[in-house]
Amino acid sequence: MSGLIQKTFLIFSGYNQRAVVAFCREATRLSVPFCILAKSDEDTILKTSYKDHVYAIRSEKLLSKADLDACIVKTKATTNFTDFVILPSSEFLVRFFLDNRAYYKRQNCTIPLVSSELYAKISDKYSFGKLCEANGLLIPLEFENPESLSFPFVAKPRLYFSNGNARTLNPFLILSETDWKDFLQKEDTGAFYYQEFIDGSCFYLLCYLSMSQKDVCYSQKNLVQQAGGKSMIVAQSSDIHHLPIADKYVGMLKNEGFEGLIMIELKKKGDEFVMIEANPRLWGPSQLFVDAGVPIFEAFIQDQGFEIQTSERSEIKEVLYFWHGGIAEDRKNGKEIAFHEYTPELLDENLERLLACEVYLREDTKEIFYNESKGLC
């Protein structure tokens with residue numbers, strides 16, 4: 001390999017792990033090279049078939065240039081790869097590399113994302129809501145004074161980081177007076193804004209938008225979710241990407257100059273779709289579109305300059321997504337999972353079918369599944 005440019009994906013595992021695994025599966029199927037930097041010795045990627053792709057293990061939990069530089073140097077020396085494409089796997093990782101884009105460009109590391117300004121405009125919940133509103137797309141009703149609100153309602157951070165430090169902020173689903181008091185004790189209310197809670201059908205619009213080739217879009221309907229609006233547990237293929245609402249979002253994003261991976265969460269309010277949030281990076285249940293044969297990752301990989309044999313799968317399948325570990329995690333923490341047009345009875349009835357498509361109950365990751373099911377991870 002000496003003297004030649006040899007490019008590979010550089011994957012930071014340990015966060016948004018289900019999406020990381022879904023990408024590793026597609027990269028393996030397409031014979032696309034990838035190197036993994038594990039979060040720690042306890043990183044679950046080391047319990048998978050992809051452990052042979054781990055060339056360095058980070059020594060610090062927080063991202064630091066010194067630690068990452070050492071990992072990158074070690075990976076280069078071990079593999080002879082010269083150029084790296086950073087997989088945009090998690091929000092904190094993406095923000096770090098965008099802030100240090102010029103520094104890592106000098107180390108031949110490509111960040112396959114739009115500018116940090118546009119990324120924040122899409123990813124920050126408040127600014128993206130205002131962008132949608134300006135383009136005639138519905139967002140939840142906002143309230144100036146949460147003290148007078150009836151439950152439930154949602155407190156959302158205006159920015160990803162809290163003012164004055166690097167602490168990340170998460171949305172809060174306020175269901176009761178107890179939740180509200182807990183929120184007031186933990187958070188600076190000025191860093192949040194407040195919206196109605198929409199208890200309707202829940203969808204993800206899934207896209208790869210490209211300036212050089214055809215856009216790829218798909219969608220899923222979410223059926224079961226972790227408590228507090230956390231990760232999806234059960235989802236199924238949907239068709240809302242064929243509706244005019246999908247074209248409106250794609251058109252708006254293209255007009256802004258956005259390209260790349262993006263997931264937009266929508267909820268149904270009557271006959272209309274309301275925007276909840278957007279993630280312009282990998283999203284947790286990516287295995288759903290991978291199992292369906294939708295070439296979202298293929299298009300992304302091709303745009304990064306990798307030559308691949310394009311998919312021979314001519315038919316998009318309707319599939320289910322299931323993450324059993326999400327149930328085990330909530331049960332362990334004494335929380336109740338949330339149902340969207342689904343019931344505990346349906347979950348029990350369909351368990352065998354769901355387990356057949358469980359994200360980790362597969363040959364390459366079965367140890368993660370068994371550990372999660374026992375509550376060990």
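The values are calculated or read from the model by the stated rules, or taken from the named source; none is laboratory data. On a predicted model such as this, the values are computed, not experimentally measured, just so you know. Cβ placement follows ideal geometry from the backbone for every residue including glycine, while neighbour counts extend to all protein chains displayed.
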Quiz item: Taking region 265-298 as the search range and keeping residues that are of a type in the set (Asp, Glu) and out of contact with any Leu (no Cβ under 6 Å at 6 or more places or on another chain), which one is nearest to SER116 (Cα to Cα)?
Solution: GLU277
Quiz item: Quick one: in region 175-192, which of the residues that are of a type outside the set (Asp, Glu) and either touching a helix residue (DSSP H, G or I) at 6+ places or on another chain (Cβ under 6 Å) or in a loop (DSSP other than H, G, I, E, B) (or both) is surrounded by the most Cβ atoms within 10 Å (Cβ to Cβ)?
Solution: LEU175
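Would you point out the residue of region 266-324, among those that are among the acidic types (Asp, Glu) and under 21 Å from ARG18 (Cβ atoms), that is farthest from the chain's Cα centre (by Cα)?
In the first step, residues of region 266-324 are kept if they are among the acidic types (Asp, Glu); the result is 271-272, 277, 291, 298, 303, 307, 312, 315, 318.
Still in the list and also under 21 Å from ARG18 (Cβ atoms): 277, 291, 298, 318.
Values: GLU277: 12, ASP291: 16, GLU298: 17, GLU318: 21 Å.
Per the criteria, the residue is GLU318.
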Quiz item: Which of the residues spanning region 201-241 are of a type in the set (S, T, N, Q) and farther than 15 Å from LEU261 by Cβ?
Solution: SER201, ASN222, GLN225, GLN226, SER231, GLN236, SER237, SER238
Exercise. Give region 245-267 a look and list any residue that's aliphatic (A, V, I, L, M), farther than 16 Å from GLN220 by Cα and in contact (Cβ under 8 Å) with a residue 60 or more places away in the chain, or say none.
Key: MET252, LEU253
Exercise. Select from region 1-50 the residues that are touching a residue at least 12 places away in the same chain (Cβ under 8 Å), basic (Lys, Arg) and either buried (at least 21 other Cβ atoms within 10 Å of the Cβ) or farther than 19 Å from PHE97 by Cβ (or both) and list them in ascending order.
Key: ARG18, ARG25, LYS47
Quiz prompt | Considering residues of region 157-174 that are farther than 18 Å from GLU144 by Cα and at pLDDT 90 or above only, the residue surrounded by the fewest Cβ atoms within 10 Å (Cβ to Cβ) | solution = ASN170
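Hey, any hits in region 19-30 for a residue that's of a type in the set (Val, Ile, Thr), outside any strand (DSSP E or B) and out of contact with any helix residue (DSSP H, G or I) (no Cβ under 9 Å at 6 or more places or on another chain)? Even if it seems obvious, please write down each step before you answer.
The initial filter retains those residues of region 19-30 that are of a type in the set (Val, Ile, Thr), namely 20-21, 28.
Then drop every residue that is not outside any strand (DSSP E or B), which leaves 20-21, 28.
Still in the list and also out of contact with any helix residue (DSSP H, G or I) (no Cβ under 9 Å at 6 or more places or on another chain): none.
No - not one qualifying residue is present in region 19-30.
Inside region 37-130, counting only helices (runs of 4 or more DSSP H) that do not spill past its ends, which hold 3 or more residues that are of a type in the set (Lys, Arg)?
65-79
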